[in-house]
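**Student:** I have a structure here, written as structure tokens, and I will follow up with some questions on it.
The values are calculated or read from the model by the stated rules, or taken from the named source; none is laboratory data. Predicted model only: the values in this text are computed from it and were never measured. Neighbour counts are summed over all protein chains in view; Cβ atoms, including those assigned to glycine, are modelled from backbone coordinates with ideal geometry. Heads up: the accessible areas ignore ligands, DNA and RNA and are worked out on the full protein's heavy atoms, side chains in. Shrake-Rupley method; radii C 1.70, N 1.55, O 1.52, S 1.80 Å.
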Amino acid sequence: FKTCPGRVLCKVPCSGEKEVDLAVQSAKAAFKIWSQMSGMERCRVMLEAARIIREQKEEIAIMETINNGKSLLEARADIDTSWQCLEYYAGLAGSLAGEHIQLPGGCFGYTRREPLGVCVGIGAWNYPFQIACWKAGPALACGNAMVFKPSPFTPISVVRLAEIFTEAGVPKGLFNVVQGGAATGQFLCQHPDVAKISFTGSVPTGMKIMEMAAKGIKPVTLELGGKSPLIIFSDSDLENAVKGALMANYLTQGQVCCNGTRVFVERKILDTFTKEVVKRTQKIKIGDPLLEDTRMGALINQPHLNRVQGFIKQAKEQGAEVLCGGDLYVPDDPKLKNGYYMRPCVLGNCKDDMTCVKEEIFGPVMAILPFDTEEEVVERANATKFGLAGGVFTRDIQKAHRVVAALKAGMCFINSYNASPVELPFGGYKHSGFGRENGRVAIEYYSQLKTVCVEMGDVECVF
């Protein structure tokens with residue numbers, strides 16, 4: 001594993017079929033204990049885990065920055081979201097219930113909300129600790145166990161989460177971590193004792209996981225990629241819209257699935273908006289992510305940096321104009337000279353059919369496209385295989401709601417971008433996946449309903 005300076009931090013052994021089976025069996029044994037506890041008992045344990053994370057926020061944030069390369073400022077926000085997630089689902093654990101239905105003749109029926117069993121979580125490298133909490137929170141609240149596989153590029157911080165759960169008092173093995181790449185993930189997905197799979201990552205990998213899960217009739221939650229539209233109308237607050245565009249493109253070095261990388265700007269304000277965005281982008285402080293004033297750290301690894309650079313090269317070949325950035329960045333600190341840094345990029349003169357506008361780059365690259373009418377921009381915004389997110393900036397509240405209603409995306413923002421409170425569901429349409437994380441609705445994806453019909457008299461028999 002490598003940090004932004006390119007040095008080896010540690011070596012993590014990959015889990016093979018034997019180790020995966022041990023993890024699943026351990027989780028299965030813990031499930032028998034955890035699932036029999038009351039919701040309030042589970043609540044108390046989860047609150048304790050949240051308390052530990054909150055109190056150790058700085059230590060975990062530093063670990064996450066080293067793990068991923070994002071700025072310490074962002075890592076702190078990720079850890080806050082993590083403990084808030086566990087608190088939120090701890091609060092729901094004690095409220096999970098079925099319903100009573102009165103039937104004719106004094107008979108009645110009722111439903112029970114029951115856990116699924118051993119759930120698998122497969123995380124991405126952009127939000128390692130946070131994604132693990134987003135998956136573990138609802139899973140554990142419902143009484144499930146979880147085996148989690150982090151990305152092989154960011155294996156460290158999730159191990160700390162497993163330790164915290166143990167310290168908080170979950171049964172031994174309830175939250176297990178296995179390490180590895182595609183082969184390890186395959187062993188997990190195909191294991192007969194796994195009841196559900198939740199995956200965050202790329203569309204191609206999501207398709208493979210869905211195919212493997214189908215053979216075992218396992219429910220799947222897929223949180224995949226995006227190429228989300230951000231629509232800036234001429235009546236918007238320009239300063240706020242510029243801030244929104246920066247937030248929609250440059251968090252975690254642009255390595256965010258719901259980023260609004262297709263920035264549609266009404267032609268009346270195109271030049272003014274573009275000039276301001278370029279000015280603000282050029283001021284972003286790049287460098288050591290552990291320094292307080294750094295706002296952009298290093299990309300995840302060399303192959304990914306090369307991939308992002310390839311998109312920019314192709315964009316220029318197809319006629320886009322690099323208005324700023326896009327080149328490699330070498331920090332002054334000699335310890336960081338081998339880091340995977342690049343300057344955040346703004347592309348102008350973009351067209352809808354360019355590769356940089358159609359495909360997910362997953363780096364700090366913003367594409368600006370002009371538009372003239374509301375009807376036109378909505379049609380263009382929806383002309384994509386993805387449907388994860390979308391944003392609208394305007395002072396006209398009726399127009400704002402009208403446009404987000406027309407957007408084919410699962411997560412929409414009005415006059416803001418990339419806020420993900422744990423109280424609200426998160427997930428996409430189309431190739432961006434299905435199922436939801438966060439919010440009360442996530443309980444539906446980590447539990448199942450049992451119906452019980454009670455007859456109060458003799459059985460009515462037609463034979």
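**Student:** Scan segment 77-134 for residues that are among the aromatic types (Phe, Trp, Tyr), outside any loop (DSSP other than H, G, I, E, B) and in contact with a Ser or Thr (Cβ under 6 Å, 6 or more places away or on another chain) and jot them down.
**Tutor:** Phe129
**Student:** Restricting to segment 439-455, name every residue that is over 16 Å from Ile197 (Cβ atoms) and in contact with a Cys (Cβ under 8 Å, 6 or more places away or on another chain).
**Tutor:** If the condition is that a residue be over 16 Å from Ile197 (Cβ atoms) and in contact with a Cys (Cβ under 8 Å, 6 or more places away or on another chain), then Ile443, Cys453, Val454, Glu455 are the ones that fit.
**Student:** Tell me, please, whether a residue that is touching a strand residue (DSSP E or B) at 6+ places or on another chain (Cβ under 8 Å), without any contact (Cβ under 8 Å) to a residue 60 or more places away in the chain and open to solvent by 50 Å² or more (accessible area, probe 1.4 Å) can be found in segment 350-364.
**Tutor:** Yes, segment 350-364 contains a residue that is touching a strand residue (DSSP E or B) at 6+ places or on another chain (Cβ under 8 Å), without any contact (Cβ under 8 Å) to a residue 60 or more places away in the chain and open to solvent by 50 Å² or more (accessible area, probe 1.4 Å).
**Student:** Give the residue, chosen from Gly325, Gly297, that is in contact (Cβ under 8 Å) with a residue 40 or more places away in the chain and in contact with a Ser or Thr (Cβ under 6 Å, 6 or more places away or on another chain).
**Tutor:** Result: Gly297 is the single residue among Gly325, Gly297 that is in contact (Cβ under 8 Å) with a residue 40 or more places away in the chain and in contact with a Ser or Thr (Cβ under 6 Å, 6 or more places away or on another chain).
To keep it simple, each residue is scored yes or no on (1) touching an Asp or Glu at 6+ places or on another chain (Cβ under 9 Å); (2) surrounded by 21 or more Cβ atoms within 10 Å (Cβ to Cβ).
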site: Gly185; (1), (2): no, yes
site: Pro204; (1), (2): no, no
site: Gly260; (1), (2): no, yes
site: Gly287; (1), (2): yes, yes
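**Student:** Out of Lys275, Lys316, which single residue is of a type in the set (Lys, Arg), assigned to a helix (DSSP H, G or I), more than 15 Å from Cys345 (Cβ to Cβ) and open to solvent by 10 Å² or more (accessible area, probe 1.4 Å)?
**Tutor:** Going through Lys275, Lys316 in turn, just one is of a type in the set (Lys, Arg), assigned to a helix (DSSP H, G or I), more than 15 Å from Cys345 (Cβ to Cβ) and open to solvent by 10 Å² or more (accessible area, probe 1.4 Å): Lys275.
**Student:** What about Pro150, is it open to solvent by 10 Å² or more (accessible area, probe 1.4 Å) and farther than 18 Å from Pro421 by Cα?
**Tutor:** The answer is no for Pro150.
**Student:** Which residue, of Pro344, Pro331, is open to solvent by less than 10 Å² (accessible area, probe 1.4 Å) and either in the same structural domain as Pro289 (by the TED database) or closer than 19 Å to Glu359 by Cα (or both)?
**Tutor:** So the residue among Pro344, Pro331 that is open to solvent by less than 10 Å² (accessible area, probe 1.4 Å) and either in the same structural domain as Pro289 (by the TED database) or closer than 19 Å to Glu359 by Cα (or both) is Pro344.
**Student:** Which condition number does Gln36 fail, the rest of (1) open to solvent by less than 60 Å² (accessible area, probe 1.4 Å); (2) over 30 Å from Pro303 (Cα atoms); (3) not in a helix (DSSP H, G or I) being met?
**Tutor:** (1)
**Student:** If you don't mind, there's one more thing I want to ask. Checking the condition surrounded by fewer than 24 Cβ atoms within 10 Å (Cβ to Cβ), within 20 Å of Val422 (Cβ to Cβ) and modelled with pLDDT of 95 or more, which residue from Ala136, Ala168 passes?
**Tutor:** Unique residue meeting the criteria: Ala168.
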